[in-house]
Amino acid sequence: MKSGSRERAWDGCLLDGFAKVAGGHDFRKNRADRFRHRLYRKGKYVPAKIGGEIACVGCGRCIDACLPDIANPVNVYNRLVDDLGLE
Amino acid sequence: MSKPSTIEKDIYLPQLAAIEKRRLMNATEMYLRLKMDEGPLDYVPGQFVEVSVPGVGESPITVSSSPTQKEYFELVVRRIGNVTIAIHRLRIGDKVGIRGPYGNGAYPVEEAKGRNLVFICGGIGLVPQRSFVNYVLDNRDDYGEITVLLGTKCMAQRFFQSELDGWSHREDIHFMETVDEADDCWQGNVGVVTTLIPKIERELTSALVFICGPPVMYKFVLLALNEAKVPRENIFLNLERKMKCGVGKCGHCQINNLYVCIDGPVFRYSDLAVAPEAI
Ligand SMILES: Cc1cc2nc3c(=O)[nH]c(=O)nc-3n(C[C@H](O)[C@H](O)[C@H](O)COP(=O)(O)OP(=O)(O)OC[C@H]3O[C@@H](n4cnc5c(N)ncnc54)[C@H](O)[C@@H]3O)c2cc1C
Ligand code: FES
């Protein structure tokens, strides 16, 4: 082989089909389920697995891009702690 | 430019394997026998490999042969999308890339010693279970009674027919089969695989039960096992999820906090209580 190219494709746990298997079954079909999973993943699952407090680099791009203004993780986590008393 | 400072093996670097045999077993399932270029594949029943076709991509596929067979390993690939179509096009002598074996949660081959075992398979779910069934048959004295239940959609979709015939004629394995839709040529049981479960109530009481099949099957099989009072600790589920990396990086395979590629693909049912996404 003399040459090659690097290809990149969009991927993200909020996108439709992130958990869809070839047989057609989608394990996280609802947007709400994907949203919940994203916050749990950054706030709980990954820190519990590899340490640290939160698995978010804090770039803020999701906050800028989110039109309904629901993505800000700071707000979400603060609300979970203040309103619901979650750790 | 400085060189990378570690000499650790690149986890994304596949090893080569050659195709020794291939056979289309029904309209969609291809049987492949492969041999690693360098040394045998060292795996436990239930583990999977990432199979890559250059220029196309990579797919996780469970090893279907038993590791008692050291010379080669076997895969069964269903033609469904880009990579699997490319795998079906391969010829004898062609090379594929292999990463793995992966999956720390394989079948509990040690814990199962001395126990009675029940395998409940739906369709292509036979592929991973076959690895453990043949492992047990090759180490027959180490294990108790074996019962295998298999449900297939219709007769045309059955595969490994001659091997299954072999099982049904052996004295030391109890094999029962059903098809969802009957036709003129089928003489056996008709109905989904759960219809066979009441017939093995005696076998179920003390057995470890292994389930593998399409996502819809689990709920109904678990209901039937619950009715038969099989404790959750004795039930093992082989769970399929979307996978990409196979090594716990990308998160595609996650069931809540569990990673199917690392923690699975075989899970003890009682360990899944914390993972509502599982069933
Ligand atoms: C642990 C594990 C073990 C597995 N073991 C086995 C096994 O032993 N045998 C086996 O056969 N499979 C097995 N699988 C499933 C297998 O990995 C998938 O079937 C395979 O990865 C599909 O890849 P693909 O590239 O062929 O399909 P993809 O191309 O990814 O296609 C997936 C789906 O998307 C659709 N699709 C594809 N391209 C497009 C497009 N451009 N636009 C719209 N839709 C499209 C296809 O129709 C298909 O329904 C296993 C999976 C896991 C996680
Ligand atoms: S497949 Fe990537 S994390 Fe499991």
Practice prompt. Could you tell me whether B:I197 is within 25 Å of A:L14 (Cα to Cα) and part of a helix (DSSP H, G or I)?
Written response: no
Practice prompt. Out of the residues in segment B:83-128 that are of a type in the set (S, T, N, Q) and within 30 Å of B:D172 (Cα to Cα), state the one that is nearest to the other protein chains (Cβ to nearest Cβ).
Written response: B:N104
Practice prompt. Would you mention how many residues in segment A:1-47 are of a type outside the set (D, E, K, R) and either outside any helix (DSSP H, G or I) or closer than 25 Å to B:G55 by Cβ (or both)?
Written response: 20
Discussion item. Based on this model, can you work out whether B:G251 counts as touching a helix residue (DSSP H, G or I) at 6+ places or on another chain (Cβ under 7 Å) and within 14 Å of ligand 2 (Cβ to nearest atom)?
Written reply: yes
Worksheet item: Counting just the residues of segment B:213-251 that are of a type in the set (G, A, S) and without any contact (Cβ under 8 Å) to a residue 40 or more places away in the chain, which one comes out nearest to the other protein chains (Cβ to nearest Cβ)?
Response: B:G251
Discussion item. On the basis of being more than 16 Å from ligand 2 (Cβ to nearest atom), closer than 28 Å to B:L258 by Cα and within 20 Å of the chain's Cα centre (by Cα), does B:A224 make the cut?
Written reply: no
Fill in: The one condition in (1) within 16 Å of ligand 2 (Cβ to nearest atom); (2) crowded, with 17+ Cβ neighbours inside 10 Å; (3) within 18 Å of the chain's Cα centre (by Cα); (4) of a type outside the set (S, T, Y) that B:F119 fails to fulfil
(1)
Practice prompt. Can you confirm whether segment B:181-192 contains a residue that is within 17 Å of B:I124 (Cα to Cα), within 21 Å of the chain's Cα centre (by Cα) and assigned to a loop (DSSP other than H, G, I, E, B)?
Written response: yes
Worksheet item: Which ones in segment A:5-51 are among the aromatic types (F, W, Y), surrounded by 13 or more Cβ atoms within 10 Å (Cβ to Cβ) and more than 10 Å from chain B (Cβ to nearest Cβ)?
Response: A:F35
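Residue-wise test of (1) surrounded by 21 or more Cβ atoms within 10 Å (Cβ to Cβ); (2) not in a helix (DSSP H, G or I).
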{"position": "B:L222", "(1), (2)": "no, no"}
{"position": "B:E233", "(1), (2)": "no, no"}
{"position": "B:G246", "(1), (2)": "yes, yes"}
{"position": "B:K249", "(1), (2)": "no, yes"}
Discussion item. Which of the strands (runs of 3 or more DSSP E) found entirely inside segment B:1-96 contain at least 3 residues meeting this: under 30 Å from B:E110 (Cβ atoms) and touching a residue at least 60 places away in the same chain (Cβ under 8 Å)?
Written reply: B:29-36
Worksheet item: Given the residues B:V148, B:V118, B:V133, B:V76, which is the only one that is closer than 25 Å to B:V221 by Cα, within 13 Å of ligand 1 (Cβ to nearest atom) and among the aliphatic types (A, V, I, L, M)?
Response: B:V76
Worksheet item: Any residue in segment B:64-77 that is crowded, with 22+ Cβ neighbours inside 10 Å, among the β-branched types (V, I, T), within 16 Å of ligand 2 (Cβ to nearest atom) and under 27 Å from B:D263 (Cβ atoms)?
Response: no
Discussion item. Tell me whether segment B:256-278 contains one or more residues that are within 11 Å of chain A (Cβ to nearest Cβ), closer than 24 Å to B:P101 by Cβ, charged (D, E, K, R) and assigned to a loop (DSSP other than H, G, I, E, B).
Written reply: no
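Readers should treat all values here as calculations from the given coordinates under stated rules, not as data from a laboratory. All values reported here derive from a predicted model rather than from experimental measurement. So basically every Cβ, Gly included, is an ideal-geometry build from the backbone, and we count neighbours across all protein chains shown.
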